[in-house]
Every structure is written in structure tokens, then in C-alpha cells.
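Enquirer: Can you keep this structure in mind? I'll have questions shortly.
Bear in mind these aren't lab numbers, they're just calculated from the coordinates by the rules spelled out. As the structure is a prediction and not an experimental result, all values here were calculated from the model. Cβ sites come from the backbone with ideal geometry, for glycine too, and all protein chains shown count toward neighbours.
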Amino acid sequence: MERYDLIVIGAGPSGLSAGIEAAKAGASVIIFDENEKPGGQLFKQIHKFFGSKEHRAKVRGFNIGYQLLKEADEAGAKVELLATVLGIYQDKEVVVKIKDGIKHYKADSIIVATGAAENMVPFKGWTLPGVIGAGAAQTMLNLHGILPGKKVLMLGSGNVGLVVSYQLKQCGCDVVALVDAAPRIGGYGVHAAKISRMGIPFYLPYTIKKVEGTDHVTGVTIAKLDPSFKFIEGTEMHFDVDTVCVAVGLSPMSQLLKMAGCKMEDNPRKGGQVPIIDEHGQTSIPGIFAAGDVSGIEEASSAMIEGRQAGIYAANYLGYIEDELMKEKEDELDKALDGLRQGMFAPSNRGKKIEKTEEGIDISNNLLAKGFVADEEIERFPGVVHKLGIHPVMECTQNIPCNPCQDACPKKCIKIGSKITSLPAVDESVDCIGCGMCVASCPGQAIFLVNENVGEGMAEITLPYEIYPLPEVGEKGIALSRAGHPLCIAEVIKVRTGLAFDKTAVLTIRVPKEFAMKARFYKNEKLAKSV
Amino acid sequence: MHELVDRSLKDEEFEEREDDDMLICRCEEITKGEIRRAVHDGMYTMAEIRRYLRCTMGLCQGQTCAKLVKGIVAKELGVSPDKLEPATSRSPMRPTEMYIIANEEK
Amino acid sequence: MEVRIKEHPILGEVKKGRLVKFTHDGQVFEGYEGEPIAVALKAAGVLVHRYTEKKHSPRGVFCAIGRCTDCVMIVNGEPNIRTCVTPLKEGMTVDTQYGTSDEPFVKELKEAK
Amino acid sequence: MITADTIVVGAGIIGNAIAYYLAKKGQKVIVLEKSDNIGDGGSSRNGGGVRQSGRDPRELPLAMYGIKNLWPYLSEELGTEVEYYKKGNLRLGKTEKHKEILTGLTNRAVACGLDVRMIDAYEVRQINPFLSEEVSCASWCETDGHANPLLATLAYYKAARRLGVRFITGEEVLSLKKLRGRLRQVITAHDIYEADNIVLANGIAARDLAAYVGIDIPMSSALLECLVTEAEPRMFEQMLGTAEADFYGHQSKHGSFVIGGSSGLEAVNKDNGTPINSSITAACIARGIIKYIPKLSHAKIVRTWAGWMDRMVDGVPVIDKVDEVEGLYLACGFSGHGFGIAPAVGLNMANLVLGENLTCDISGLAYNRFAAKA
């Protein structure tokens, strides 16, 4: 029997963070993960993270994964991959499948950080090949380099549905529609706006009536729902697709905790069956902790902090950290966690309809219903100003915990202030130098540099761009509106890439100046032809 | 923790619905109608439903359908889904070949 | 349209093992060694992995991470192999599964009966 | 106060079957179950054997009666498919010692009129070609078989419920009470139930309850463990067991293999509130299986179970009307082999309660067998 001070189950964001903290405190730690690669969902998350510096904001998920791995290694936590925990037995015994056998381990403390599993929703034809989970789409795209399909319909407008639609589009799939049974988009507005401007239409409140095909998906019919979630006759719409992708939320993967005998509860606000935990993440069994999505569905950023906390609590339980030091670290992390749990999408606001921003501005209803801020709505937000010469236009209209733009600007012309959820505002007294750092650093891709008049009746717009092939300087394509509608011919003036931009190309296009506040995306002609 | 439930027969006829043929448990190919009928026949808990129909007992171990089945059972019983105790969690957490389980290092 | 991504805008060049041959229902295909069998099949345009026992309905990749087991096939004569997590090897035989049978399933033959 | 003709304590297959046969004869029956689920004990955690061979001669008449008269018609009678297969039972042996054990069991069963015989390695493999070369002999009983214990338990429940039996789950019986010299009341946290007859069919918990009326049932508990595989291609239809009973099981209609076995620590295992498997038993069972059926070595185990069973000191149950305490009936201590005889136990217990003739001789299972020997 191999023994450790601490066994961590799951090498995702929370498990790795937990292992790192406990190992740093001196505990002997082993972290098991069933996957070939550590990092859990981080390796499928190729977008830049929200938050602030301490939450590793603007770093792409998979890079955070590499960072955590390195830290775990430096701290001396052992990470055992392709190691599937088959059960937690009595007396904190863990049985693990490794290679062609099973091994028994015991520890004085266990942290369960097994994450979450995808929810599903049944509809006619949902077993046909071609109907897949959003996680499957991400796995195929980002781990195996293959398109799940050519024409895809996405069901679910939470952050996963939005992000995966973007990833599909990024790799050249045609996402024909994004559908949700709820009347309002569930995920971040900036994620929705990002795909709207690429031309993906939103249908809410719609859901799938049936998927068609004999041996695999050949089409899908959606229809609108009335407030009691019944189909409204005559609203059916058909799409020819080869793939239907389902992203309807996550459930905690808490079976191991239940098997261990921890007291559980079914908590719809936490996404399902979760362990009952105290303020230290400890379950009803002393020494068994839960951290990350397994104790309630949240973002990877909060999972990392929760993981660090669990690591510290476990270290304290094991006698490696004094109460005082634990308290100190706890306060610091609590603050970081509080920062993330604020704003419109805070767990405490789940299910509530919010009418105004923290600044007292009416929120964009068009963004919630259609996925983009309407032309007549955009002007009321503090990030949108008009100025002579080049200046940032920040189409960030919801209070979310994120502030990398503030630090990105070398001239300090972007202000968020001490409250991380505040909407960014432009300091008009400072001149923008057009460096594009803010454009590339905004995880929501909501910042544009606009020069409303470059002469000859033209304007220039600098925007983030993450599709291959990158356009070439001088080529002409089509400028798209926030809704993804073609507006006018656009000429590519500049294409900037660079290490600091971290794979987000910064593109400058020239359009007639009446489109300066309307054009928000560029479609190159080759792509325009192929679609 | 245990809740008192009187299982006496209710004199309601089983009422068929339009979407009863919707497949819910993908592994064991169990439909919504079969689940509804099982509740009508007295299977009131997730444990009984799975023993009676096998749904949530397939290869995916209920990962896909447990929540869906729970929703249907709760609706038939007229209770909130969070009132239904999920079936017991059993090892192995992932289907594992016999020769691997047999090959044990202690 | 090519379904394999050659260069990803964020992740860069997609690294793969060497190209190897495998057989699917008697037909020879190519795929990259070490990638999941399901990925090689997808690239070859094969979407149906099996037919179910009760309702005879086709199934393919659903979760892609080895959980749902919808994508199981007969691999080298052994049924119930999760193709989304089983690495492709040179010379593998990968056959459509029917129910839980270990006999390769040939749709045309089944229909002729 | 809730009244009935008979109260059955325990909604396992034994309690459900008793309730069913009583209700069929017109009795008003209440079944009280402390668990939230019907059939949470051994009823849902056994190998599904419906066999006569290998049984103690004292319970053999029940097994033979059931297989002849009840099991073949059970699905029809109860209106639920119980997946009964009458395809024989092979009890396997590998060593000389095994052969001795099996021959002993076989001779005793033959003396009771059972169609069981010893067969050699060749004949074993004629019957089941998947068995390993190590198997050198077996006892073979063609009329044995297996059924689905989960379904059979729920089938009796469903049918009894249809006949008006009132099942109440989550209702733990706290004590029994006599009124004017006769056992009448069953007291729970929620209510008092009263009936003319009270049947204890609640396994190991029957011991504590019977103590309220001065009856001690000499049984202890042991953790029973089973495992189930994914659905496999069809291989064989017999029930399998071994001379030392270290594993037993069958392939179900669904295609999965349901197999039970032991690690040797069953009698002293503990649990954590729910009967959790021991960390070593599945591996022990798997090693056993591979030795007997090598082809299953790549079959995936999808689940294991554990459940407490009641073990009578002499290995067979008490099925009796307790003369010392009027109104008390016992059907407990099945010691891990109650499933196959459950229908016959249900029918005979119902007859016992109703004062009718029994269908077979169960005198060897009487309570008074534990009285001090003169």
C-alpha cells in the first residue's frame, strides 16, 4: 500500500492548484488524472481567460494548464496521468487503475477535484451519428485537429455553447445557427457578440424539434417555444446540417464522493448532486475535501482559487500549516474569489433578470435576445466615445469580473478602477497611440480602435482576428456589422501579429466613414466565397 | 434521512403521451414512456427505476441520462427532482476490464 | 472540404504520428498512428460505428472522451472497444458492431436477409 | 393506528412474495420497509441462482417445489418478465478436494430425489466450451437455472401492490408489542400498526425485533458482494458455481455477466453507512472468473455491489410459525441462498399464516431446532 499525506483526484485547474499549495506547505502529494494530458478542461479552452492578473486573465486556458503543471512539478507534487480512480473506499483508501493493473493507495487527506460532466437534452433523432456534445466538438477540434462537421447547429447559449461556436467557426466550420430554449442568452455578452459579428444567427427561445437523417444527421428542424416551453405551431425552421452540437450545461461529477460516504445534496444552483461542505471545502468526512466544479459548477478561474484553498486547508488538516498562516492565506484567496463571484453572472444572480448595469445604465436587451448590441444601444456605454484621431471603443456592456484592458494600455487611457466588474471607460484626456495592445488583450474581443475620419470620407477600424488564413495587406473584403451582416467593401490596411498579442492578430481595415461605428468584423473574399 | 412513502395503488389509468417514444437512456435504449409506466407500476425511486428498467445502468453509468430520468420520474410523482435520492454510486467509476481489476498491486 | 485541420490559428500546426493503413469493414483506409480510431474514421468519412440491439439504430461518436460508449466497434475481433479513446495502430481491423455481437456487421448482408 | 390481517416486515423478495401470496388469498396485508427502496438487501445483490443442487437437504424441498411449480410460470403469474432460464447448473471443481465436496453434495441431493450427477472434464466442456482446462469435474443439474433477482423482487412487489398490498417504505420498525399475551403491534417512528399475524422477513434486523418478544435468532451478518459486466456476446445459459462457492454467476438475458464471490473477509467487513464494497473483493472475484472462464478476461466490469446478508448459524433459514409467541412468524436467515427458494417460501409462509397445508416439508427449518440438545 502506497501512502501519501494527500491524494488529489483530478489534475484540472482546481486539482493541480490544490496539489501545488499542499506540496508547497510540505505535504507529500500525489495527483491522479484519468486523461493522457493534465489540465482537465483547460486544454480545450483555447480562449483568453477573464479576470484580473491574479486570476491569470488574458492567458489562454491551455497555457494556464502548462503553467500549473510546471508549478506542480516545482512544488514536488507528483502527477500521475492515465490513472483512473475506480473508487474511494473506507479509511481513505483509493483504488487506481494504472496501465494494466490496479493499485491501492491510502492518504490522511483526500481532495476530490473531478470536475463536471456535460448535461444532455433529448429530442427526436438525438442518437443519430452527428449529434455530439460540445465537449466532443472541443476535443475533436483542439486535441485531435479534426472538424466535427462542416455545417453545425449549436444548441445552448451558455458560455460553453458560445465559446465552442467560436472555436468551430475559427477552424472553418459553418455554424448555421445558435439555438436556446431560454428567452435570453445565458453566457457572457461579449462571447455572443464575438460570434454574432461573424455571421452566426441566434434563435431564442427556440429548440430542436427533430434531427433528420437515416444513418447520420442530414438536417435539423427547430421551432419557437411559448412561455410554457411548448412548440409554437408554424414557427418551424429547417437547416441542412451534418452536425448538431449540444451545450446545455454541466453537472458535478461527484459520484466518488458519494461512494466515499460523504453527505450529499441535490442543489440545482450548484448544477446537481454535490457534497455538503463546510467553509473550508471539507465534506462530512473529516479530511476529505471537494474543490472546483465537483462542489458546484463555476468557471475555471474560480476552480483554481478554490483548489488553492482546498490545498491550504488540507495542509492545515495535516498539520503542515498553522491556523494563523492558513487564515492569512484564506483571506487573500477569499478576496480573489469574491472578485470573480461578482457582477451580472455572479452565482448569486443566477436566474435573475438584470435591467441595469452597476453604473445604472440600461443593459442591452438586443445583446441578450440576439447576441449583439444594437447600433442605437451602443452609444450609452462608457467605453464608447467619439474623439478626433484614433481611440479605443470598448463594447463591454455587462458587469463581468475582468480588467486586463486597464493594464494593457501603455498610455493608461482605459480606466476600470478598483471594482473589477466596472465597465471600462475611456480617459479622453490621454491620447491613444494605436498600439493595439488593448485589442489583443481583451478576452471578450470587445475592444476596437477607431479612427472615425482618416480623410477622403474614410474611417479605419482596428479589430481582433483569429481565423486562418490571415488577410493580406491591401486585399479587399467585406466589412460585417455587429449582427454579421455585410455592410461595405473593406480594405485591409495593416495586419499585426506579435508575441505580445498571443495569437490574436490585430487587423486594421478601411471603410467609408459612415460605417466607423458599425463595421466590426472582416470577411476575406476567399472565405466569403466559400460560405 | 429515510422518507416515509406509502406505495398504495392509485386508481389512475396510465395515460399515454405523444412523446412517450422519445429515447432517454441511450445505452439501454429505454424510452420516456417506459420510465413513466414504471413509475405508474410503483417504481418510485431512482434505485427501483434502474433495477426495473436498467436505465442509468448501462456502459455510461448514467452519466448521460441520470438527470433526464430523474426529471421524468419526479414529474410523474409530482415532486421536485432534488427530492429524489440518486442511485448509489458504485465502483468502478469507469468500466474496467476484468484482467486489469484482477491484476492488483497492493 | 478537408476535415483535418492542418494549422490551427491558436494552437499552430497539428502534430500527428506517421500515416498508417487500417481496415474498416474490409476497406483499407489511412490514418495517423496514435490518434483515436474514431478520428481516423471521421477523416475517412465513416460516421456509423455500430447499430443498437433493441432498436437497430445507428450510433457514432457522441462524447469523444470515452464516457458514453456510443462509439464502440469491433477492433481486431474484440467487440465493445471505445474508438474515441483507443489509439490507431498499423494494420488494425475496425468493424461495425451490431448489438454486442463480436461478428462484424455488414449492413447489406443484414438487409438482404 | 393502522390495521391489517398480516404485517410483513421487510420488502425484499421474501417479504414481497409472502405479501403477494397472502393478498392473492384475500388477506389485507401491509409491508413495512425501513429502506427507501424495495429490495435493498440481498434481493438486489445476488447472483440470481435458481438451483437445487448444492443445497442443504433441509431447504431442498422448497427449491425443488419452486422449480417444478412456480418459477416456470412466474413471469406470467406476476405480469413481469423475470428472465428465468432453466438451463442447468454446473458446480465446478478443479482439485480432488473439490471433487470430494461435489460428490458429497451430489449424493445427498440424489438421496432427496434430485436429478443431479457428477460429470467429467469432457462432459463439462460439452456443456460449456468456455470453461478453462483447469476444470476437471462438476456436478450437473439440468433443471437448475437462474433469473433476474432485481426484476423478480420488483415483480412480486408490483403484483402484490396491484392486489392491494400496502407497501410503506422509509418506515423502520422500532419494536414489537404483545397485547393480552399475543403479538399484535408493530411500532415505528411514525405510527403503530396492528395485525393478527406479524411476519419478520427483514434479514439480520429480524434478530433485534424478535428480541422484543423474547425470541433470539442465532444469526450474524456478512457482506455479500457481486459484480456485473457490460453486455457481452452470447456465451452460455447455465448457472455456474464452484465447489468452494468462491464465485457463482450467469450471463443475463441482457448479455451482461452477473457474478458474486468473496474475499474471505465477508463476516468481518464494515460499512460506511451504505454497504460499500470492500476494496479487495472485486479483484478476488475477477481472478476467480478468469481462471474458470478465460474468455471473460477482457470483459469490462461496469459495477460492483455490496449488501448485508443474514447468516444463520447452521446455514439455513428459519421459516416457521413461532409457537412460543402467538402471532409471530419468521422467514429470515437465508444465508445468501434465499433468492431461488423465495417463491416457494412466499407460498408456504402464506399457507402457514392462513393455517393451510404446506406444499412441502420444511420441518427442518423450524425455529425450535436451536433449543439446547438434550
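Enquirer: Can you spot the aspartates and glutamates whose alpha carbon is less than 14 Å from D:Lys87's alpha carbon? Ignore those fewer than 8 places along the same chain.
Expert: Leaving aside aspartates and glutamates fewer than 8 places away in the same chain, those within reach of D:Lys87 are D:Asp115, D:Glu142, D:Asp144, D:Glu237.
Enquirer: Could you give the nm distance between label points at D:Ala267 and B:Lys83, where each point is 7 Å from its Cα heading toward the beta carbon?
Expert: The two pseudo-label positions are separated by 4.5 nm.
Enquirer: Further question on the same structure: In segment B:4-49, which GluC sites (Glu not before Pro) are in a loop and have at most 15 other Cβ atoms within 10 Å, using DSSP for the loop call? Write down the numbers at each step before the final one.
Expert: Numbers: sites: B:Glu12, B:Glu13, B:Glu15, B:Glu16, B:Glu18, B:Glu28, B:Glu29, B:Glu34, B:Glu48; in loops: B:Glu12, B:Glu13, B:Glu15, B:Glu16, B:Glu18, B:Glu28, B:Glu29.
Answer in residue order: B:Glu12, B:Glu13, B:Glu15, B:Glu16, B:Glu18.
Enquirer: Moving on to the next point. Counting residues in segment A:419-500 as N, plug N into 2.2 N^0.38 Å and put the Cα Rg over that result.
Expert: 1.22
Enquirer: Follow-up question, since we're still on this one. Here is the link list: A:Lys124/A:Lys270; D:Lys99/D:Lys291; A:Lys78/A:Lys99; A:Lys352/B:Lys83. Which ones come out longer than 21 Å on Cα distance? All intermediate terms of the calculation are to be shown ahead of the outcome.
Expert: Numbers: A:Lys124/A:Lys270 29 Å; D:Lys99/D:Lys291 17 Å; A:Lys78/A:Lys99 17 Å; A:Lys352/B:Lys83 23 Å.
Pairs exceeding the cut-off: A:Lys124/A:Lys270; A:Lys352/B:Lys83.
Enquirer: Quick one: which of D:Lys270/D:Lys321; A:Lys224/A:Lys503; A:Lys356/A:Lys412 span more than 30 angstrom between C-alpha atoms?
Expert: D:Lys270/D:Lys321; A:Lys224/A:Lys503
Enquirer: Let me ask something additional. Roughly how many Å is it from the Cα centre of segment A:280-338 to that of segment A:350-372, as a whole number?
Expert: Computed from Cα coordinates, the inter-centre distance equals 33 Å.
Enquirer: Taking the C-alpha atoms of chain D, how large are the radius of gyration and the largest Cα-Cα span, Dmax, in Å?
Expert: Cα-based Rg and Dmax for chain D come out at 20.2, 65 Å.
Enquirer: To the nearest Å, what is the center-to-center distance of segment D:319-374 and segment A:31-101, using C-alpha atoms only?
Expert: 58
Enquirer: For D:Ser363, A:Ser348, what's the fewest-to-most ordering of other Cβ within 10 Å of each Cβ?
Expert: A:Ser348, D:Ser363
Enquirer: Using alpha carbons only, how many angstrom separate the centre of segment A:481-505 from the centre of segment A:135-194?
Expert: 20
Enquirer: In debye, nearest 20: dipole of the protein assembly as shown around its Cα centre with unit charges on the Cβ of K, R (+) and D, E (-)? Before the final figure, lay out each step's value.
Expert: Working: 133 positive and 145 negative charges, 222 e Å.
The dipole of the protein assembly as shown has a size of about 1060 debye.
Enquirer: Once the convex hull of the alpha carbons of segment A:253-373 is built, what does its volume come to per residue, in cubic angstrom? Before the final figure, lay out each step's value.
Expert: On the way: hull volume 14.3 nm³, N = 121.
Per residue, the Cα convex hull of segment A:253-373 comes to 118 Å³.
Enquirer: What number, in nm² with one decimal, is the all-direction average of the projected area of the convex hull of the alpha-carbon atoms of the protein assembly as shown?
Expert: So the mean shadow area of the Cα hull is 47.9 nm².
Enquirer: I've got another one for you. Once phi is turned into ³J(HN,Hα) by the Karplus curve 6.51 cos²θ - 1.76 cosθ + 1.60 with θ = phi - 60°, what whole-Hz value does each residue of segment A:299-305 show in order, with x for glycine and proline?
Expert: 8, 4, 4, 6, 4, 5, 5
Enquirer: Hey, another quick one. Counting other C-beta atoms within 10 Å, which of B:Glu3, A:Glu80 has the fewest, and how do the rest follow?
Expert: By the 10 Å Cβ count, ascending: B:Glu3, A:Glu80.
Enquirer: Quantify how much of the Cα-Cα distance distribution of segment D:220-346 extends past 23 Å, in percent.
Expert: Percentage above 23 Å: 40.
Enquirer: Compute the Rg to Rh ratio over segment B:23-102 from the alpha carbon atoms, using the Kirkwood formula for Rh, and round to two decimal places.
Expert: Numbers: Rg = 13.2 Å, Rh = 13.0 Å.
With Rg and the Kirkwood Rh in hand, the quotient comes to 1.02.
Enquirer: Still on this structure, please answer the following. Tell me, what are the semi-axes, in whole angstrom and largest first, of the equivalent ellipsoid of segment C:18-102 as set by the roots of 5 times the Cα gyration tensor eigenvalues?
Expert: In descending order the semi-axes read 20, 13, 11 Å.
Enquirer: Under 5 Å between amide H atoms, partner at least 5 residues away or on a different chain: which partners does D:Ser221 have, H built in plane at 1.01 Å?
Expert: D:Arg311
Enquirer: Please go through segment D:166-209 and write out the trypsin sites (Lys or Arg not before Pro) that DSSP classes as loop and that have at most 11 other C-beta atoms within 10 Å.
Expert: Here the sparse-neighbourhood loop sites are D:Arg180.
Enquirer: Can I ask one more? Can you compute the modelled spin-label distance between A:Val121 and A:Lys70, with each label point 7 Å from Cα toward Cβ, in nm?
Expert: Taking the two extended label points, one gets 4.1 nm.
Enquirer: Return the tail of the calculated pair distribution for segment A:383-531, meaning the percent of Cα-Cα pairs more than 19 Å apart. Can you show the working numbers first?
Expert: Working: 5515 of 11026 pairs.
Beyond 19 Å sits 50 percent of the P(r) for segment A:383-531.
Enquirer: At q = 0.09, 0.12, 0.13, 0.21 Å⁻¹, what is the log10 ratio I(q)/I(0) for segment A:301-452, with the Debye formula run over Cα points and no solvent?
Expert: -0.39, -0.62, -0.70, -1.28
Enquirer: How do A:Arg520, D:Arg303, B:Arg37, D:Arg45 line up, fewest other C-beta atoms within 10 Å first?
Expert: Values: A:Arg520 29, D:Arg303 22, B:Arg37 17, D:Arg45 25.
Arranged by neighbour count, lowest to highest, A:Arg520, D:Arg303, B:Arg37, D:Arg45 become B:Arg37, D:Arg303, D:Arg45, A:Arg520.
Enquirer: Eigenvalues of the Cα gyration tensor times 5, then square-rooted: what semi-axes does that give for chain A, in whole angstrom, largest first?
Expert: 41, 28, 21
Enquirer: Counting pairs on different chains as well as pairs 8 or more places apart, how many Lys pairs in segment C:18-102 have Cα atoms under 30 Å apart?
Expert: So the count works out to 5.
Enquirer: Let me ask you something else. For segment A:120-246, state the semi-axes of the equivalent ellipsoid (square roots of 5 times the eigenvalues of the alpha-carbon gyration tensor), sorted largest first and rounded to whole angstrom.
Expert: That gives 21, 18, 12 Å for the three semi-axes.
Enquirer: Can you work out the base-10 log of I(q)/I(0) for segment D:157-269 at q = 0.13 1/Å, using the Debye formula on its C-alpha atoms alone?
Expert: The calculated log intensity ratios at q = 0.13 Å⁻¹ are -0.80.
Enquirer: Given bins 5 angstrom wide, list per bin the percent of all Cα-Cα distances in segment A:229-312, short to long.
Expert: 3, 13, 19, 18, 13, 6, 7, 7, 6, 5, 2, 0
Enquirer: List the GluC sites (Glu not before Pro) within segment A:319-352 that DSSP assigns to loop and that have no more than 13 neighbouring Cβ atoms inside 10 Å.
Expert: Hits after loop and neighbour filter: A:Glu322.
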